[in-house]
Amino acid sequence: MADENSIFVESSISMEERLVNQDYTDLTCYLCLGLVFDTRQCSNGHIACLECVKPLTEKVGSKCHCGEPINLQSLSKSLVANNSVKKLEVYCENHFRLINGKWEEYLDQQGCNEITTIEQSESHQKSCPFNKYLCQHDGCDVELVRVELDVHEKGCVHRLVKCDLCQETLKSVNMNGHIVALCPEINEECLNGCGDTYPRKTRDDHIQTCPDQMIGCPFGDEICKEKDKRKYMDAHAQASWHIAQLVIKTNQNNKELKEENDKLNNLIEQLDYDMMVLETQLDLCIKKKSMEWIIPSDPKASTWKSNRFQIRGCTFYLDFGRNLSGAMNWYIFIDKPAAINYTIEVTEKDGPPFTKKKMSKEINRFLQISSMSAFQRKSETKIKLTIGVLSYTKPLPQTY
Ligand SMILES: [Zn+2]
Ligand SMILES: [Zn+2]
Ligand SMILES: [Zn+2]
Ligand SMILES: [Zn+2]
Ligand SMILES: [Zn+2]
Ligand SMILES: [Zn+2]
Ligand SMILES: [Zn+2]
């Protein structure tokens, strides 16, 4: 049923075109030349619609075609004209139809033949059984009289319907396509032709087990490129050459891995070498170095020698020894002539620290550190030696 909210399709036919008697000369507005409405007349009786004459009253000096001035005071209403217009007879709007931009009368019984006065025409128009309404369904532009519209709307292709299978709501016009290609609930026959039927939404599951689905050999592409229907693949995979191929492939992979490993090892060796070169170069740049040793107590005061260390390519060590006369002496030994300065700090356990600093000494093979005979290794002793190399005989480039 078209409800009361149905959209009424209004006709755009003019009142003049609907007149039964087309001669309305005496009731013509001299401005719009149409039927006069809400009449205003000049003092000479020339009539015009209020709507047409109003703009003129707002302009100073406006005149009627007879020369009379036009303003709100000079114009008067014309009840005679208004009443005459109301009594004119018109056909119902629905007596006409638009054909190629022209209003024409219906030739058959499809139009309304009601004739009313203009005064009564509005009330007829509201209830005319020939009024047309627009179909209520979204996207439909069908206009029909109410009785026919009721029938149309029930079958309109734009009406919303629910799929019985999946409950989705869609336009009736799309239902066929939905069932044929989209509805997930509908049963479909396997596309591989295995003869099985299943709800469309489970197609992916079926493909996983379908005996007619094309699959690759279970040994994988690298071993075997064979593709066949699932139902034949079991027998195919029994062929013993698969295993032989698998062994060959595995060995090949192992060999490749080993080669890769060797390459990496070579790279590590190269990096180690590069680092050693860099360390040596860095060592040549360092001009000052501090060394620290802790030597245990030794009441017999044996000699002691530090490890060797390098500064700017010169090799040093500290020596703590007994001279020919039996006195304990401290020496810095060097492998080549160099000018150095040094600071030595010696602390016997529980004793006060002793510091000695010397600037720029040229030494050739060794240097005796004087005033050190007090230290005789009577208790654990900490020694910190800092040497700065000021100039030296450049070492020959090292080779590896
Ligand atoms: Zn006039
Ligand atoms: Zn007018
Ligand atoms: Zn009618
Ligand atoms: Zn419709
Ligand atoms: Zn469905
Ligand atoms: Zn199948
Ligand atoms: Zn295979």
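Quick notes on this structure:
- Nearby lysines by direct alpha-carbon distance to Lys126 (threshold 27 angstrom, same-chain neighbours under 8 apart not counted): Lys86, Lys87, Lys102, Lys154
- Rg of the Cα atoms in the range 180-221, relative to 2.2 N^0.38 Å, amounts to 1.33.
- Residue order, fewest to most surrounding Cβ atoms within 10 angstrom, among His65, His236: His65, His236
- The modelled label-to-label distance for the pair Asp335/Val157, using points 7 Å beyond Cα in the direction of Cβ, is 10.1 nm.
- Ranking of Leu160, Leu165, Leu31 by count of other Cβ atoms within 10 Å, fewest first: Leu160, Leu165, Leu31
- Under conditions of 25 °C and 0.890 mPa s, the range 94-237 yields 115 µm² s⁻¹ as its translational diffusion coefficient, taking Rh as the Kirkwood radius over Cα pairs in the Stokes-Einstein equation.
- Compactness of the range 240-285, taken as the C-alpha radius of gyration over 2.2 N^0.38 Å, stands at 2.13.
- Excluding same-chain neighbours fewer than eight residues apart, the lysines reachable from Lys357 by a Cα-Cα span under 23 Å are Lys287, Lys288, Lys289, Lys305, Lys336, Lys349, Lys382, Lys384.
- Our coupling estimate for the range 258-263, obtained by passing each phi through the Karplus curve with A = 6.51, B = -1.76, C = 1.60 and θ = phi - 60°, is 5, 4, 4, 4, 4, 4 Hz, Gly and Pro reported as x.
- Amide H contacts of Lys361 (H built 1.01 Å from N, under 5 Å, at least 5 apart or other chain): Ile340, Asn341
- Taking amide H positions as modeled 1.01 Å from N, with prolines and chain starts lacking one, no residue 5 or more places away or on another chain lies under 5 Å from Glu68.
- P(r) weight above 27 Å for the chain, C-alpha pairs, percent: 79
- Cβ-Cβ distance of Asp205 and Lys258, R₀ of 60 Å, FRET efficiency by 1/(1 + (r/R0)^6): the value works out to about 0.85.
- Against the rule of thumb 2.2 N^0.38 Å, how large the Cα Rg of the range 288-392 comes out: 1.04
- Calculated log₁₀ intensity ratio I(q)/I(0) where the Debye formula runs over C-alpha points of the range 52-100, q = 0.16, 0.18, 0.24 Å⁻¹: -0.67, -0.72, -0.91
- Stokes-Einstein D (µm²/s) once Rh is taken as the Kirkwood radius of the range 178-293 over alpha-carbon pairs, at 37 °C in 0.692 mPa s: 159
- Translational diffusion coefficient (Stokes-Einstein; Kirkwood radius from C-alpha pairs) of the range 65-158 at 4 °C, 1.567 mPa s, in µm²/s: 77
- Within the chain, the longest segment free of exposed loop sites, counting GluC sites (Glu not before Pro) that fall outside DSSP classes H, G, I, E and B and have at most 12 other Cβ atoms within 10 Å, spans 223-400.
- Per-q log10 I(q)/I(0), the range 7-129, q = 0.10, 0.11 Å⁻¹ (Debye; single scatterer per alpha-carbon; no solvent): -0.40, -0.47
Since every read-out is calculated from the coordinates, none of them should be taken as a lab result. Keep in mind that what you see is a predicted model, and the values were worked out from it rather than measured. Cβ atoms come from the backbone with ideal geometry, glycine included; neighbour counts cover every protein chain shown.
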